[in-house]
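Notes follow once the structure below has been shown.
Any read-out appearing in this document is the output of simple, stated calculations on the displayed coordinates, not a laboratory observation. Treat the numbers as computed from the prediction; the structure is a model and nothing was measured. Here the Cβ positions follow ideal geometry from the backbone for every residue, glycine too, while neighbour counts run over all protein chains shown.
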Amino acid sequence: MECLNGRRRNAWLLPQRIGGIVKFLTPIVGIIALLLVAASPVPILTIQAGANGNGGIISGDGKTVLYSVVNRIRKVDVASGTEQALPPPPGICDSSPVTIDSISPDGKKLLITCYGGTGYWPSDIFIMNGGGSDAKKLTPESAVVGPGWKKYHYDTAQFSPDGTKISLRRWCADECNDETFTVMVMNSDGSNLHRVAAGAPMGWDASGKGFYVNDEGNYSLPVGSVSYYDLAAKTDKPFKADGVEGERVLGMIGNGFAVDKEVGWVTLYPIVDSKVIGGGTLPIPTKLEQQSKWRDLARISSDKSGSILLLQYGDDEEPQVLQVIKVK
């Protein structure tokens with residue numbers, strides 16, 4: 001304590017001390033402000049996919065968006081916004097819808113689901129070059145059990161982080177032995193397709209050692225219990241995911257779940273040390289007004305870092321809008 005004009009006052013309140021404190025705090029305040037600004041989404045690109053859009057995905061480096069309209073695939077350069085129509089996969093899918101499921105880590109291969117011969121329902125997984133050529137069917141033939149129906153339907157294929165394996169969902173439509181939805185894994189060339197667990201794959205973990213499974217088989221709308229499949233151990237074990245289960249998972253951002261939990265916003269639940277930690281709200285609206293109509297946020301995909309996101313507004317029955325944003 002010091003005495004000044006007969007009054008005692010704290011030494012740290014003296015002008016010279018205050019100046020030192022301000023000088024010390026200024027860069028800290030600046031860093032906090034920078035983090036707040038960086039956390040706010042920055043729109044980069046908007047794509048009008050139209051009424052026949054089937055959604056899209058973003059590449060691991062965040063530079064390319066691929067989306068489909070009926071059976072045509074379009075490639076968009078994020079920086080310039082220029083679009084390129086890829087040639088339709090030769091000899092497959094005909095006029096049936098195609099969805100783009102995954103881009104290989106090196107960007108050279110695509111996984112698509114073709115709805116050929118089954119009407120509304122997805123049917124088979126194909127792999128093709130990034131430019132749209134050399135399409136090859138990976139999933140086996142399945143018996144036809146009715147008009148537009150096969151015994152097995154395959155969808156939601158995803159490359160592993162190293163590109164050597166593919167996870168996918170098999171949906172059984174007839175004589176299923178009490179297992180309607182099954183998680184399957186195969187090599188990237190289509191060999192060694194085998195069952196690993198009941199349910200649907202939600203996404204690979206960042207290490208590539210395994211992936212997360214929705215045990216109830218629905219890969220998008222409300223998630224049941226979550227488990228983790230370990231490739232090396234060949235085990236499917238419960239995964240504690242408080243805040244995720246029972247909610248609508250929009251996708252995985254980096255190594256975490258993006259959940260439509262709080263009305264009007266997206267909540268991100270990061271995975272740290274094999275556990276889901278407390279969710280933080282991302283200021284991303286779950287509804288978008290386009291042409292005087294509101295469209296729901298249906299899906300999120302991200303680049304490898306989780307900082308560039310592709311938002312899909314609108315479902316399969318209404319015009320879709322794709323937005324690319326930067327969140328950090």
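Below are the figures for this structure:
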quantity: Extension gain, D178 back to T235 (0.36 nm per residue minus Cα-Cα distance, nm); calculated: 18.5 nm
quantity: Average Cα contact separation per residue, the stretch 215-328, under 8 Å, 6 or more apart, as relative contact order %; calculated: 16 percent
quantity: Solution diffusion estimate, µm²/s, Stokes-Einstein, the stretch 115-261, Kirkwood Rh from C-alpha pairs, 37 °C, viscosity 0.692 mPa s; calculated: 206 µm²/s
quantity: Fewest-first ranking of D134, D230, D178, using other Cβ atoms within 10 Å as the exposure measure; calculated: D178, D134, D230
quantity: Subset of K240/K326; K209/K326; K108/K137; K109/K165; K109/K234; K151/K261 violating a 23 Å alpha-carbon distance limit; calculated: K240/K326; K209/K326; K109/K234; K151/K261
quantity: Largest-first ellipsoid semi-axes for the stretch 238-320, taking √(5λ) over the Cα gyration tensor eigenvalues, angstrom; calculated: 24, 13, 11
quantity: Whole-Hz couplings from phi, Karplus 6.51/-1.76/1.60, listed for the stretch 223-233; x for Gly and Pro; calculated: 6, x, 6, 10, 10, 10, 9, 9, 5, 5, 7
quantity: Distance between modelled label sites at Q291 and S307, nm, 7 Å Cα→Cβ extension; calculated: 3.6 nm
